[in-house]
Amino acid sequence: MVIDKVVNWARIKSPWIIHFNTGACNACDIEILASLTPRYDLERFGILLRGTPRHADILVCSGPVTLQTKDRLIRIYEQMAEPKFVVAVGTCACSGGVFQGCYGVSGGIDSVIPVSAYIPGCPVRPEAIIDGVVKLLNSLKNK
Amino acid sequence: MGNEETIKAALLQKFPQLEGKCEIIRQRRITLEVDRSRLIELLNFSCSELKFNILCTITGLDVGDDLQFIYHIANKEGIVMNVKTNAPKTDPVISTVLGIYNGATFYERELEDLLGAKVEGLPEGRHYPLPDNWPKGQYPLRKDWKPENINQQNKKEE
């Protein structure tokens, strides 16, 4: 269908994101912000940071999921409109990292919600974030 | 070291049982150990008479059979006094310092949550910093506690 193709094209060209810190040490958050600012300029892919999950297509999570943020993360995920994607930024978000097995930590993002792209690194470099995001967008093209 | 010596002398004069348990470890740092029954009296004296009216934080430790609590109190000149007190694990009761230092609520709640201390006089409240559904009787900062304790219970719930 032509309309489907147009909608898909529009989605890929304007993937709006919401950033949520699920318990990160702030290093990944700083790198995410750095990649959004003009030096690395994620906006050239149409990526905009939104203030609410209801406007966003991609949930960018940083940090291991602590037991305190677990319920909030699920709530934010459920508020997003379909189709939605989750990007785990940083080693902690991918697997729990050094916090794996800690009493206050549930594990990586995928222990709570499904994840579409994993970007490892401690902290991740902005280039890695751009690479991960572009790979995610390319995978959408084929759908 | 003038001021530290004066403070130490004033403490020893008021509490002679501190003899040998109070020492100036370096410039602007005083450490002393006090019995838990005299803790409130000592903190009261330090706060009102010696003007140690800033509670920096409370540290909780598991030292084997005992739990140790260190009250880090400071005055405006930047002198920090570490007041240590012990309570046995079988009876880990200490009284609250809320009457002296108003900001102590969260420090004391943390002691209750993570080390299982019983803070007498602390108003009832929610868990902090652990989540609300944390099982009772699990104190993750005790040395004999294992993460499996909680994981097994999580699995049972699932």
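What follows is calculated from the coordinates using simple rules that are stated; it is not laboratory data. Owing to the predicted nature of the structure, the values given are computational and were not obtained by experimental measurement. Here the Cβ positions follow ideal geometry from the backbone for every residue, glycine too, while neighbour counts run over all protein chains shown.
What to note about this one:
- For A:L67, the test of being in contact (Cβ under 8 Å) with a residue 24 or more places away in the chain, over 15 Å from the mean Cα position of the chain (by Cα) and within 14 Å of chain B (Cβ to nearest Cβ) is passed.
- Matching residues in the range B:78-122 - criterion: being within 25 Å of B:D144 (Cα to Cα), part of a strand (DSSP E or B) and touching a residue at least 24 places away in the same chain (Cβ under 8 Å): B:K84, B:T85, B:N86, B:A87, B:V93, B:I94, B:S95, B:K118, B:V119, B:E120
- Test: residue in the range B:33-53 that is basic (K, R), in contact with a Leu (Cβ under 9 Å, 6 or more places away or on another chain) and part of a loop (DSSP other than H, G, I, E, B): no
- Of all residues in the range B:39-49, those being surrounded by fewer than 19 Cβ atoms within 10 Å (Cβ to Cβ) and either closer than 18 Å to B:C22 by Cα or in contact with an Asp or Glu (Cβ under 8 Å, 6 or more places away or on another chain) (or both) number 5.
- Among (1) within 14 Å of another protein chain (Cβ to nearest Cβ); (2) surrounded by 19 or more Cβ atoms within 10 Å (Cβ to Cβ), the one test that B:D144 misses: (2)
- Filtered residues of the range A:70-106 (kept if buried (at least 19 other Cβ atoms within 10 Å of the Cβ), of a type outside the set (A, V, I, L, M), within 14 Å of chain B (Cβ to nearest Cβ) and not in a loop (DSSP other than H, G, I, E, B)): A:K70, A:F99, A:S106
- Test: residue in the range B:123-131 that is under 15 Å from the mean Cα position of the chain (by Cα) and of a type in the set (D, E, K, R): no
- Whenever a residue of the range B:123-135 is more than 10 Å from every other protein chain (Cβ to nearest Cβ), its partners that are in a loop (DSSP other than H, G, I, E, B), lying with C-beta atoms within less than 7 angstrom and at least six residues away or across chains, give the pairs B:R126/B:D132.
- Flag for B:Y139 being surrounded by 19 or more Cβ atoms within 10 Å (Cβ to Cβ), of a type in the set (F, W, Y) and either more than 30 Å from B:R38 (Cβ to Cβ) or within 14 Å of chain A (Cβ to nearest Cβ) (or both): yes
- Residue within the range A:120-128 that is more than 14 Å from chain B (Cβ to nearest Cβ), over 13 Å from A:G63 (Cβ atoms), outside any loop (DSSP other than H, G, I, E, B) and not charged (D, E, K, R) present: yes
- Selection status of A:A81, in contact with a helix residue (DSSP H, G or I) (Cβ under 9 Å, 6 or more places away or on another chain), small (G, A, S) and more than 16 Å from A:H19 (Cα to Cα): no
- Candidates B:K84, B:K76, filtered to the one that is in contact with a strand residue (DSSP E or B) (Cβ under 9 Å, 6 or more places away or on another chain), surrounded by fewer than 16 Cβ atoms within 10 Å (Cβ to Cβ) and farther than 29 Å from B:P135 by Cα: B:K76
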